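The values are calculated or read from the model by the stated rules, or taken from the named source; none is laboratory data. All values reported here derive from a predicted model rather than from experimental measurement. Because the Cβ atoms are built from the backbone with ideal geometry, glycine has one as well, and the counts that use them run over all protein chains shown.
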Amino acid sequence: MLRWVQIPDLLGGGHPVTTSPSLPSGASGIPDAAQIPAANAANAVDRGQSAAAAGGRVTAIVGVLSLAVFMSSLDLFIVNLAFPYIGRQYPGTSLGSLSWVLNAYTIVFAASLVPAGRWADRIGRRRVFLAGLAGFAAGSVLCGVAPGVAALIAARVIQAIGAGLMVPASLSLLLAAVPAPARPQALGTWSALGALGAALGPVVGGSLVQVNWRWVFWINVPVGVAAIVLAIKVVPESRDEQARGRPDLAGAELLAAAVGLVALALVKAQDWGWGSPGFAGLLVASLACGAAMVARSRTHHSPVIELGLLRSRGFSAALAASVLYYAGFGAFVLNSVEFLTGVWHYSAVVAGLAIAPGPLMVLPFARVVAPRAAARLGGPGRVAVIGCAVNAGAQLLWYAQIQSAPAYLTHLLPAQLLGGAGVGLTIPSLLAAGSASLTPARFGTGSGILNTARQVGTVLGVAGLIAILDHVSRADPVAAYRHGLLLIVGFFAAAGITSAALLSARQGQKLKPGAR
């Protein structure tokens with residue numbers, strides 16, 4: 001029987017060589033010069049095979065986790081196209097009641113992200129991820145068979161809880177499973193597929209509603225089941241092993257209420273008015289819940305948010321920049337779809353195909369260009385600034401060329417391609433900058449906070465754009481869309497200015513697990 005021993009190897013660099021417990025007579029016990037290179041070559045082959053296997057496993061993990069965020073992002077935008085078809089299915093239902101098919105999902109999803117991320121850190125990120133996938137798939141089945149609007153809204157709440165569990169868990173699993181050197185590319189893939197899902201929502205939704213609006217929900221089921229099976233096989237479990245005591249459930253409820261009230265205020269702002277007592281009351285109530293949560297977090301042994309996270313300059317800047325950037329991104333997607341269908345009179349499917357070249361630019365820029373640029377420029381913060389500038393420039397280019405007569409190849413396509421490159425540069429860079437200061441024990445909590453910023457920002461941007469597009473004039477329909485473009489440029493520019501705060505943050509500085 002052979003055994004491995006580590007001995008100094010001057011010729012081979014100290015790699016293990018094979019020796020025998022008992023040596024034949026006349027043997028010195030030291031391998032000759034011919035044996036050493038052969039042993040080193042064998043070891044090199046073994047190491048290469050191990051590295052290839054590890055690389056393949058990481059690719060599989062990133063693929064499964066990215067599939068979940070793609071499905072979630074796709075659902076956020078795909079249901080918008082099914083909305084009119086759902087209304088025709090249930091005649092006599094008021095628009096206010098029907099709007100809760102969208103609003104219930106938005107509010108519950110946003111409210112559950114941070115508590116779900118904290119829970120994932122404590123009890124197991126893969127466990128929460130699988131529970132989220134199962135809940136999302138089950139909610140999708142119930143949405144597809146809903147006999148009425150009330151049942152559909154209830155099923156959408158179940159679906160939103162599932163999405164709220166799986167999205168922060170997927171990002172925290174990625175951060176925990178992928179080695180630090182490979183993390184920028186992995187974040188690029190994860191974020192690019194999320195953006196791709198959002199941008200492809202119109203074309204996928206437009207195709208499915210031609211068959212039956214219920215397929216908008218049923219399409220999630222086979223994807224969710226496949227993701228569950230693959231996650232069980234390839235995704236390793238991880239958690240905060242130092243967690244002790246019961247978590248702050250009251251703090252989690254206060255945080256969920258604070259975020260949910262903000263989301264509710266934004267989705268109802270257009271109906272109530274931005275200066276209405278109802279809108280102001282929801283914001284005050286949200287601030288009160290947030291203040292109470294912060295007070296509990298200062299004293300509780302296991303707070304839902306450790307306040308040290310928010311004191312990190314890099315994390316806070318990434319959080320604020322994400323809200324602003326996703327406000328611009330959400331408004332951009334909606335503005336594009338509404339213009340193509342309302343002014344150029346494209347069908348939903350053709351509009352989705354017209355938008356598609358932009359998302360196709362995201363993956364190469366997010367996976368290849370952004371990580372390399374971050375390495376050369378000194379951190380992801382600078383790449384985020386450049387990405388925001390590219391996005392703002394793309395929208396200004398479209399602002400200069402927008403017209404009522406269709407001219408896709410010469411007027412819109414260049415701006416779409418440039419905008420896709422900007423998305424690929426910005427989103428993974430904001431994620432990388434925000435996660436740089438997270439300790440492994442706080443991957444879930446930090447991921448939940450960053451994803452909450454994404455959701456709240458999207459709701460903010462869409463609400464602001466809808467307020468502008470409500471004033472579209474038949475005499476000059478392009479004017480309102482120009483105003484929408486200026487709003488989008490403003491969001492992207494504000495995100496770029498905020499991202500500049502990341503440049504002075506010390507990259508890689510970790511927060512202590514117990515920091516308050």
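For this structure, a couple of remarks:
- Pair list, Cβ < 6 Å and 6+ apart or interchain, from the stretch 331-345 residues that are surrounded by fewer than 21 Cβ atoms within 10 Å (Cβ to Cβ) to residues that are not in a helix (DSSP H, G or I): VAL343/SER404; TRP344/PRO406
- Test: residue in the stretch 367-389 that is in a helix (DSSP H, G or I), surrounded by fewer than 24 Cβ atoms within 10 Å (Cβ to Cβ), at pLDDT below 90 and not aliphatic (A, V, I, L, M): yes
Results for (1) surrounded by fewer than 21 Cβ atoms within 10 Å (Cβ to Cβ); (2) modelled with pLDDT of 85 or more, shown as yes or no for each residue.
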{"position": "GLY164", "(1), (2)": "no, yes"}
{"position": "VAL167", "(1), (2)": "no, yes"}
{"position": "LEU175", "(1), (2)": "no, yes"}
{"position": "ALA186", "(1), (2)": "no, yes"}
{"position": "VAL209", "(1), (2)": "no, no"}
{"position": "VAL221", "(1), (2)": "yes, yes"}
{"position": "LYS233", "(1), (2)": "yes, yes"}
{"position": "GLN242", "(1), (2)": "yes, no"}
{"position": "ARG246", "(1), (2)": "yes, no"}
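Let's see how each residue does on (1) modelled with pLDDT under 90; (2) more than 15 Å from PRO202 (Cβ to Cβ); (3) among the charged types (D, E, K, R):
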{"residue": "LEU307", "(1), (2), (3)": "yes, yes, no"}
{"residue": "SER316", "(1), (2), (3)": "yes, yes, no"}
{"residue": "ALA327", "(1), (2), (3)": "no, yes, no"}
{"residue": "SER347", "(1), (2), (3)": "yes, no, no"}
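- Residue satisfying all of: in the stretch 188-202; buried (at least 23 other Cβ atoms within 10 Å of the Cβ) and among the aliphatic types (A, V, I, L, M); nearest to SER72 (Cα to Cα) among these: ALA198
- Test set (1) more than 28 Å from CYS388 (Cα to Cα); (2) touching a residue at least 60 places away in the same chain (Cβ under 8 Å); (3) assigned to a helix (DSSP H, G or I); (4) not β-branched (Val, Ile, Thr) - PHE279 fails condition number: (2)
- If you go through the stretch 393-437 and keep only what is part of a helix (DSSP H, G or I), of a type in the set (A, V, I, L, M, F, W, C) and touching a Gly at 6+ places or on another chain (Cβ under 7 Å), you end up with ALA394, LEU417, LEU418, LEU425, ALA433.
Matching residues to (1) touching a residue at least 12 places away in the same chain (Cβ under 8 Å); (2) farther than 20 Å from GLY201 by Cα; (3) outside the structural domain of GLU253 (by TED's automatic domain parsing); (4) not polar (S, T, N, Q):
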residue	(1), (2), (3), (4)
VAL101	yes, no, yes, yes
TYR105	yes, no, yes, yes
PHE109	yes, no, yes, yes
ALA116	yes, yes, yes, yes
ASP121	yes, yes, yes, yes
LEU133	yes, no, yes, yes
ALA137	yes, no, yes, yes
ALA150	no, yes, yes, yes
GLN159	yes, no, yes, no
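- Condition met for GLU241 (part of a loop (DSSP other than H, G, I, E, B), under 18 Å from THR59 (Cα atoms) and among the acidic types (Asp, Glu)): no
- Listed by first and then second residue, the pairs linking a residue in the stretch 406-422 that is assigned by TED's automatic domain parsing to the domain that holds VAL489 and more than 16 Å from ALA389 (Cβ to Cβ) to a residue that is surrounded by 23 or more Cβ atoms within 10 Å (Cβ to Cβ) and modelled with pLDDT of 95 or more, with Cβ atoms under 8 Å apart and 6 or more places separating them unless they lie on different chains, are HIS411/TRP398; LEU412/TRP398; GLN416/ALA394.
- If you go through the stretch 397-407 and keep only what is touching a helix residue (DSSP H, G or I) at 6+ places or on another chain (Cβ under 7 Å) and surrounded by 14 or more Cβ atoms within 10 Å (Cβ to Cβ), you end up with LEU397, TRP398, TYR399, ILE402.
Yes or no, residue by residue, for (1) in a helix (DSSP H, G or I); (2) over 30 Å from GLN242 (Cβ atoms); (3) more than 22 Å from the chain's Cα centre (by Cα); (4) at pLDDT below 85:
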{"site": "ILE449", "(1), (2), (3), (4)": "yes, no, no, no"}
{"site": "ALA453", "(1), (2), (3), (4)": "yes, no, no, no"}
{"site": "GLY457", "(1), (2), (3), (4)": "yes, yes, no, no"}
{"site": "GLY461", "(1), (2), (3), (4)": "yes, yes, no, no"}
{"site": "GLY464", "(1), (2), (3), (4)": "yes, yes, no, no"}
{"site": "VAL478", "(1), (2), (3), (4)": "yes, yes, yes, no"}
{"site": "ILE488", "(1), (2), (3), (4)": "yes, yes, no, no"}
{"site": "ALA493", "(1), (2), (3), (4)": "yes, yes, no, no"}
{"site": "LEU502", "(1), (2), (3), (4)": "yes, no, no, yes"}
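- Residue list for the stretch 127-137, filter: surrounded by fewer than 21 Cβ atoms within 10 Å (Cβ to Cβ) and not small (Gly, Ala, Ser): ARG127, LEU130
Residue-wise test of (1) touching a residue at least 40 places away in the same chain (Cβ under 8 Å); (2) within 12 Å of ALA389 (Cα to Cα); (3) out of contact with any Gly (no Cβ under 8 Å at 6 or more places or on another chain); (4) buried (at least 19 other Cβ atoms within 10 Å of the Cβ).
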site: ILE466; (1), (2), (3), (4): yes, no, yes, no
site: ALA475; (1), (2), (3), (4): no, no, yes, no
site: GLY484; (1), (2), (3), (4): yes, no, yes, yes
site: ALA495; (1), (2), (3), (4): yes, yes, no, yes
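- Inclusion of SER316 among residues that are under 30 Å from LEU425 (Cβ atoms) and out of contact with any Ser or Thr (no Cβ under 8 Å at 6 or more places or on another chain) is warranted.
- If the condition is being part of a loop (DSSP other than H, G, I, E, B) and under 18 Å from ALA195 (Cβ atoms), then the stretch 321-362 contributes only ALA356.
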